[in-house]
Amino acid sequence: MTYLTLDGLAKRYGDLTVVEDISLNIERGEFLSLLGPSGCGKTTTLQMVAGFTEPTRGRILLEGRDITDTRPEKRGMGIVFQSYALFPHMSVAGNIGFGLEMQGMGRSERSKRITETLELVRLEGLGHRYPRDLSGGQRQRVAVARALAIRPNVLLLDEPMSNLDAKLREEMHVELRAIQKQLGITTILVTHDQIEAMTMSDRIAVMHGGRIVQVSTPFDAYERPESAFASSFLGKTNCIPARIVDRQPGCCRVEMGGLNMRIPHESCQFPENIQVYIRPEKIRMVSSADSRISSVVRARMFLGNHWAMEVDGPLGRLRVNIPNVGGPPAFEGDTVHLAWQDDDMRMLEAEAAHV
Ligand SMILES: Nc1ncnc2c1ncn2[C@@H]1O[C@H](COP(=O)(O)OP(=O)(O)OP(=O)(O)O)[C@@H](O)[C@H]1O
Ligand SMILES: [Mg+2]
């Protein structure tokens, strides 16, 4: 049975609708991310689940029980806010024990739980410190510990890693995911960081303008985006205007930049004008005999594990990522020969590009 259900949630402030019709079924133990750009309604959605914001419409069910009107502290959820919101005048142990005290847990049991939770987030021995005497990453872990100490039924995380540097953030992704799995705790993470969503989640709900536009595994969200928005929000992509010239069983024949391409597709129920998407890492440099197109290298950047090149050719300007396996693959001004598989091209309606 679904553990947590968001059923047609909406939020309006006066005439402004900030969340429209959000429906999601989340399984027990699942890690789901709400991923979308600033202002798309992620925090508002999370706050409705937490009970701090009252929905204008819709219901929230926990194990089939309607909790839409239940007070936040009665929902049993653990929350980590973007700002951490630690109590500055309380020690780490005080912060972690606060919710337990509110629940009426006795002193000795509380102390045991605090110690356990500190171990879980690898902050053993720091219970006596104050938030001001901790690093950003440690404070962030105290915030997670505080949310976990009450053994919440659901963990809600609102951009909890946005204040950390890139390396620490990456470490926290791994740590937090391990803790979440160890405890089997149902988790919703709000983020605008696609890497964060992809590395941690079982499923990603991509949000745009107060709606969910796609719910899928990280792999499908990246490889099979269902809209131009999802395609460009998750990673970089090349978008090429194209026209369907023939529909055959299992594929379309498409004209783009004066070239004729075959794109496999189950139904091919697109209008004539479409956009074709190719990820930069799917394009390879090959010999002229094996190439689909030739292009001139306009710019080249070294990014450690790959070279990012911008090339100009019959399909316009393309971004091409070449893995770093030694020396530079080409120089600015060089002509390069490029190929990719039929399967690497994705089609979407041209109109969808303006979503
Ligand atoms: N109390 C409020 N009154 C009026 N408008 C609000 C209120 N709270 C949020 N909004 C608006 O709702 C929209 C969605 O806000 P929300 O905080 O949910 O976005 P978000 O996706 O979390 O963005 P970010 O990534 O920047 O945190 C924004 O346009 C915001 O200005
Ligand atoms: Mg937000």
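The values are calculated or read from the model by the stated rules, or taken from the named source; none is laboratory data. If you're wondering where the values come from, they're calculated on a predicted model, not measured in any experiment. Methodologically, a virtual Cβ is constructed for each residue, glycine included, from the backbone with ideal geometry; neighbour enumeration extends over all protein chains shown.
Please pick out the residue among Glu255, Glu226 that is of a type in the set (D, E, K, R) and either modelled with pLDDT under 95 or not in a strand (DSSP E or B) (or both). Give the steps one after another, and end with the answer.
On the way: Glu255 fails: either modelled with pLDDT under 95 or not in a strand (DSSP E or B) (or both).
Testing whether each residue is of a type in the set (D, E, K, R) and either modelled with pLDDT under 95 or not in a strand (DSSP E or B) (or both) leaves just Glu226.
Considering only region 259-298, how many residues are touching a Ser or Thr at 6+ places or on another chain (Cβ under 6 Å) and either more than 20 Å from Val320 (Cα to Cα) or assigned to a strand (DSSP E or B) (or both)?
Going residue by residue through region 259-298, those that are touching a Ser or Thr at 6+ places or on another chain (Cβ under 6 Å) are 277, 279, 294, 296.
The next check asks that each one be either more than 20 Å from Val320 (Cα to Cα) or assigned to a strand (DSSP E or B) (or both); those that pass are 277, 294, 296.
Counting residues in region 259-298 that are touching a Ser or Thr at 6+ places or on another chain (Cβ under 6 Å) and either more than 20 Å from Val320 (Cα to Cα) or assigned to a strand (DSSP E or B) (or both) gives 3.
Test Leu157 against the criterion of being within 18 Å of Leu123 (Cβ to Cβ), modelled with pLDDT of 90 or more and within 16 Å of ligand 1 (Cβ to nearest atom), and give yes or no. Lay out the reasoning, then the answer.
Details: within 18 Å of Leu123 (Cβ to Cβ): yes; modelled with pLDDT of 90 or more: yes; within 16 Å of ligand 1 (Cβ to nearest atom): yes.
Criteria met by Leu157.
Table: residues versus (1) among the acidic types (Asp, Glu); (2) surrounded by fewer than 18 Cβ atoms within 10 Å (Cβ to Cβ); (3) part of a helix (DSSP H, G or I).
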site	(1), (2), (3)
Glu175	yes, yes, yes
Thr187	no, no, no
Met198	no, no, yes
Tyr222	no, no, yes
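Give the residues of region 280-310 that are under 16 Å from Asn238 (Cα atoms) and of a type in the set (Asp, Glu), sorted by residue number.
Of everything in region 280-310, those that are under 16 Å from Asn238 (Cα atoms) and of a type in the set (Asp, Glu) turn out to be Glu281, Glu310.
Keeping to region 1-16, report how many residues are more than 8 Å from ligand 1 (Cβ to nearest atom), loosely packed, with under 15 Cβ neighbours inside 10 Å and not basic (Lys, Arg). Explain how you work it out, then say what you get.
Taking region 1-16 as the starting set, the residues that turn out to be more than 8 Å from ligand 1 (Cβ to nearest atom) are 1-10, 12, 15.
When the remaining residues are screened for being loosely packed, with under 15 Cβ neighbours inside 10 Å, the result is 1-2, 8, 12, 15.
Adding the requirement that they be not basic (Lys, Arg) leaves 1-2, 8, 15.
Summing the residues that are more than 8 Å from ligand 1 (Cβ to nearest atom), loosely packed, with under 15 Cβ neighbours inside 10 Å and not basic (Lys, Arg) in region 1-16 gives 4.
Mind counting the residues in region 121-148 that are more than 16 Å from ligand 2 (Cβ to nearest atom), of a type in the set (A, V, I, L, M) and in contact (Cβ under 8 Å) with a residue 60 or more places away in the chain?
Residues of region 121-148 that are more than 16 Å from ligand 2 (Cβ to nearest atom), as a first pass: 121-142, 144-148.
If we keep only those that are of a type in the set (A, V, I, L, M) as well, we get 121, 123, 126, 134, 142, 144-145, 147-148.
Pick out the ones that are also in contact (Cβ under 8 Å) with a residue 60 or more places away in the chain and you get 144, 147-148.
Counting residues in region 121-148 that are more than 16 Å from ligand 2 (Cβ to nearest atom), of a type in the set (A, V, I, L, M) and in contact (Cβ under 8 Å) with a residue 60 or more places away in the chain gives 3.
Quick test of your reading of the structure: Leu24 fulfils all but one of (1) within 13 Å of ligand 2 (Cβ to nearest atom); (2) farther than 29 Å from Met102 by Cα. Name the failing condition by number.
Failed condition: (1).
Check Ile263, Ile274, Ile212, Ile244 and return the single one that is closer than 30 Å to Ser38 by Cα, surrounded by 13 or more Cβ atoms within 10 Å (Cβ to Cβ) and over 26 Å from the mean Cα position of the chain (by Cα). Spell out how you get there, then give the answer.
Working: Ile263 fails: closer than 30 Å to Ser38 by Cα; Ile212 fails: over 26 Å from the mean Cα position of the chain (by Cα); Ile244 fails: closer than 30 Å to Ser38 by Cα.
Only one candidate passes the filter, namely Ile274.
Go through region 305-317 and give me each residue that's crowded, with 17+ Cβ neighbours inside 10 Å and within 25 Å of the chain's Cα centre (by Cα).
Result: His306, Trp307.
Please list, ordered by residue number, the strands (runs of 3 or more DSSP E) wholly in region 47-166 having 3 or more residues that are crowded, with 21+ Cβ neighbours inside 10 Å. Lay out the reasoning, then the answer.
Details: elements: 57-62, 77-80, 154-158.
Counting at least 3 such residues, we get 77-80, 154-158.
Tell me, yes or no, whether region 331-341 has at least one residue that is at pLDDT 95 or above, surrounded by fewer than 17 Cβ atoms within 10 Å (Cβ to Cβ) and closer than 26 Å to Phe229 by Cα.
Yes - at least one qualifying residue is present in region 331-341.
Since Ser227 meets every condition but one in (1) within 30 Å of Glu332 (Cβ to Cβ); (2) under 32 Å from the mean Cα position of the chain (by Cα); (3) of a type in the set (S, T, N, Q), which condition does it not meet?
Tallying (1) within 30 Å of Glu332 (Cβ to Cβ); (2) under 32 Å from the mean Cα position of the chain (by Cα); (3) of a type in the set (S, T, N, Q), Ser227 fails exactly one: (1).
This table checks each residue for (1) among the hydrophobic types (A, V, I, L, M, F, W, C); (2) more than 11 Å from ligand 1 (Cβ to nearest atom); (3) more than 19 Å from Val206 (Cα to Cα).
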{"position": "Val18", "(1), (2), (3)": "yes, no, no"}
{"position": "Asp21", "(1), (2), (3)": "no, yes, no"}
{"position": "Leu24", "(1), (2), (3)": "yes, yes, no"}
{"position": "Glu27", "(1), (2), (3)": "no, yes, no"}
{"position": "Leu32", "(1), (2), (3)": "yes, yes, no"}
{"position": "Gly41", "(1), (2), (3)": "no, no, no"}
{"position": "Gln47", "(1), (2), (3)": "no, no, no"}
{"position": "Glu63", "(1), (2), (3)": "no, yes, yes"}
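Would you confirm, using the coordinates I've provided, whether Glu73 is in contact (Cβ under 8 Å) with a residue 12 or more places away in the chain and either within 16 Å of ligand 1 (Cβ to nearest atom) or on the phi > 0 side of the Ramachandran plot (or both)? Walk me through how you get there before you give the answer.
Numbers: in contact (Cβ under 8 Å) with a residue 12 or more places away in the chain: yes; either within 16 Å of ligand 1 (Cβ to nearest atom) or on the phi > 0 side of the Ramachandran plot (or both): no.
Spelling it out, it is not the case that Glu73 is in contact (Cβ under 8 Å) with a residue 12 or more places away in the chain and either within 16 Å of ligand 1 (Cβ to nearest atom) or on the phi > 0 side of the Ramachandran plot (or both).
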